[in-house]
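Peer 1: Would you mind keeping the following structure in view while I ask a few things?
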Amino acid sequence: MSDTWISRRGPGFWIGAIIGLMAAIAGLAASDAINGPTAIILMASTGGLLYPLMRSGERCEERSGTSSPAVRRYNRGMLAASLAYILGMGIAVWLTDALGMEGTVLWVIAFLPILPIFAMIWVMARYIADEQDEYLRHLAVMSNMGGLALVLGLASLWGFFEEFALVPHAPGWFSVPVWALGMGLTRWWLARGDNAPAEDGV
Amino acid sequence: MNNRLRVLRAERKWSQQDLADRLEVSRQSVNAIETGKYDPSLPLAFRIADVFGLTIEEIFLRDEG
């Protein structure tokens, strides 16, 4: 793989590669072709693809004029937190499944995937505080509001449905992926058309 | 709020990126302001006015009605 080949790939390629590899590893683990620890190590290894994903995203941002020093710091912070999350979750699941941890140690282990999530929230807060480009900051704040609206709305809806035994129990950690989904959708909605060439073509 | 950014840029043969570089903002911001999608803060409006050597009122126009 040359740098040129890598640099030609867009974010969609890397997202597809990560999802494809994760699905393949999950399939191998489900069919008992590989054991649990091997699956966790392989899944954690796919985290290495987050770096080319981040770089391809940054190249898109630079081309479309949506980059800033704060955006680059945010990308690196999120990459580090995501890698820590994958590793922390893998280690925590492996330790509890394979070694049957319990008591105080289990409380400590449970924090392994939680702390990187706290780090992601902090990275987002720092981005909003650091971003000097007021329109990009406006987009980030509104996107976060969109994510928050989806989390609050869905959690309330699901919580009451669950209360009346209409739906199965949903784990609380779902809030972060739902927040990220709401944020991403809101950002896409608000920024659609922003990257289009100027009407005068320059 | 309407504005004359596109005309003023064209008069100076500046691209959106040229203006963004002068204002130290992203091209996305210039595009959003130029198309009326986003109204800049007063400090940024003053910076835009300074870059063009005009007053804010000569660049940004009230919505009619």
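Peer 1: So B:ALA20 ticks every box in (1) under 24 Å from A:CYS60 (Cα atoms); (2) touching a Lys or Arg at 6+ places or on another chain (Cβ under 7 Å); (3) touching a residue at least 12 places away in the same chain (Cβ under 8 Å) but one. Which box is left unticked?
Peer 2: Evaluating B:ALA20 over (1) under 24 Å from A:CYS60 (Cα atoms); (2) touching a Lys or Arg at 6+ places or on another chain (Cβ under 7 Å); (3) touching a residue at least 12 places away in the same chain (Cβ under 8 Å) leaves (3) as the failure.
Peer 1: Which helices (runs of 4 or more DSSP H) does segment B:1-55 wholly contain that include 3 or more residues that are of a type outside the set (Gly, Ala, Ser) and more than 8 Å from chain A (Cβ to nearest Cβ)?
Peer 2: Qualifying helices (runs of 4 or more DSSP H): B:5-12, B:16-23, B:42-52.
Peer 1: In addition: Name the residue, out of A:ALA170, A:ALA140, A:ALA110, A:ALA119, that is within 27 Å of B:VAL30 (Cα to Cα) and not aromatic (Phe, Trp, Tyr).
Peer 2: Exactly one of A:ALA170, A:ALA140, A:ALA110, A:ALA119 is within 27 Å of B:VAL30 (Cα to Cα) and not aromatic (Phe, Trp, Tyr), namely A:ALA140.
Peer 1: Just the residues that are assigned to a helix (DSSP H, G or I), farther than 15 Å from A:ILE128 by Cα and either touching a residue at least 60 places away in the same chain (Cβ under 8 Å) or among the small types (Gly, Ala, Ser) (or both), please, taken from segment A:61-74.
Peer 2: A:SER64, the sole residue that qualifies.
Peer 1: Among the numbered criteria (1) touching a helix residue (DSSP H, G or I) at 6+ places or on another chain (Cβ under 7 Å); (2) outside any helix (DSSP H, G or I); (3) more than 22 Å from A:MET43 (Cβ to Cβ), which single criterion is violated by A:ILE128?
Peer 2: Against the list (1) touching a helix residue (DSSP H, G or I) at 6+ places or on another chain (Cβ under 7 Å); (2) outside any helix (DSSP H, G or I); (3) more than 22 Å from A:MET43 (Cβ to Cβ), A:ILE128 comes up short only on (2).
Peer 1: Taking the condition within 13 Å of chain A (Cβ to nearest Cβ), exposed (fewer than 15 other Cβ atoms within 10 Å of the Cβ) and over 10 Å from the mean Cα position of the chain (by Cα), does B:GLU64 pass?
Peer 2: Judged against the criteria, B:GLU64 is not a match.
Conditions tested, residue by residue: (1) under 20 Å from the mean Cα position of the chain (by Cα); (2) modelled with pLDDT of 95 or more; (3) within 14 Å of chain B (Cβ to nearest Cβ).
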site	(1), (2), (3)
A:LEU152	yes, yes, no
A:PHE160	no, yes, no
A:TRP179	yes, no, no
A:ARG192	no, no, yes
A:ASP200	no, no, yes
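Peer 1: Could you check segment B:1-24 and list, in sequence order, the residues that are surrounded by 14 or more Cβ atoms within 10 Å (Cβ to Cβ) and in contact with a strand residue (DSSP E or B) (Cβ under 8 Å, 6 or more places away or on another chain)?
Peer 2: Residues satisfying the conditions are B:ASN3, B:ARG4.
Peer 1: Moving on. Could you run through segment A:93-125 and say how many residues are assigned to a loop (DSSP other than H, G, I, E, B) and either within 14 Å of chain B (Cβ to nearest Cβ) or not charged (D, E, K, R) (or both)?
Peer 2: 3
Conditions tested, residue by residue: (1) part of a loop (DSSP other than H, G, I, E, B); (2) at positive phi; (3) out of contact with any Cys (no Cβ under 6 Å at 6 or more places or on another chain); (4) among the small types (Gly, Ala, Ser).
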| site | (1), (2), (3), (4) |
| --- | --- |
| A:ARG76 | no, no, yes, no |
| A:ILE91 | no, no, yes, no |
| A:GLN132 | yes, no, yes, no |
| A:VAL141 | no, no, yes, no |
| A:ALA149 | no, no, yes, yes |
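Peer 1: To continue, here is another question. Pull out all pairs, ordered by first then second residue, where Cβ-Cβ is under 7 Å, the residues are six or more apart or on different chains, the first lies in segment A:45-60 and is hydroxyl-bearing (Ser, Thr, Tyr), and the second is not in a helix (DSSP H, G or I).
Peer 2: Correct list of pairs: A:SER56/A:ARG9; A:SER56/A:GLY10.
The values are calculated or read from the model by the stated rules, or taken from the named source; none is laboratory data. Remember, it's a predicted structure, so these values are computed and weren't measured experimentally. When we count neighbours, we look across all protein chains shown, and the Cβ atoms used for this are built from the backbone with ideal geometry, even at glycine.
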